[in-house]
Amino acid sequence: MSGKRAGTQTIGCRVTSCRYNSEGSGCSLSKIEVEPSPNCHSGEACDESLCGSYVSRN
Ligand code: SF4
């Protein structure tokens with residue numbers, strides 16, 4: 001994961017199934033990695049822009 005930071009960003013996230021989610025609206029990590037689903041190349045947002053830092057609560 002890159003350590004570079006462009007400006008000051010805040011991560012808003014509603015993925016409550018992730019262990020890093022905070023109160024259904026934020027992320028407790030200081031940075032995340034956004035990445036495409038492996039070998040998809042579909043051009044669809046649901047495939048191309050996933051949170052690669054996601055970890056299930058379960
Ligand atoms: S790691 Fe990703 S999915 Fe999990 S809370 Fe943070 S931004 Fe959301």
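Suppose every K and R has +1 on its Cβ and every D and E has -1 on its Cβ; what is the size of the dipole of the chain about the Cα centre, in Debye to the nearest 20? Intermediate results must be reported in sequence, preceding the final value.
Values: 6 positive and 6 negative charges, 70 e Å.
My answer is approximately 340 debye.
Identify, among 24, 49, 37, the residue whose Cα sits farthest towards the positive end of the charge dipole of the chain, taking +1 on the Cβ of Lys and Arg and -1 on the Cβ of Asp and Glu, with the dipole about the Cα centre.
Of the options given, the answer is 24.
Where a number appears in this text, it was derived from the coordinates with a stated rule and is not lab data. All of these numbers come straight from a predicted model, not from anything done at the bench. Quick reminder, even Gly has a Cβ in these numbers, built from the backbone with ideal geometry, and neighbours come from all protein chains shown.
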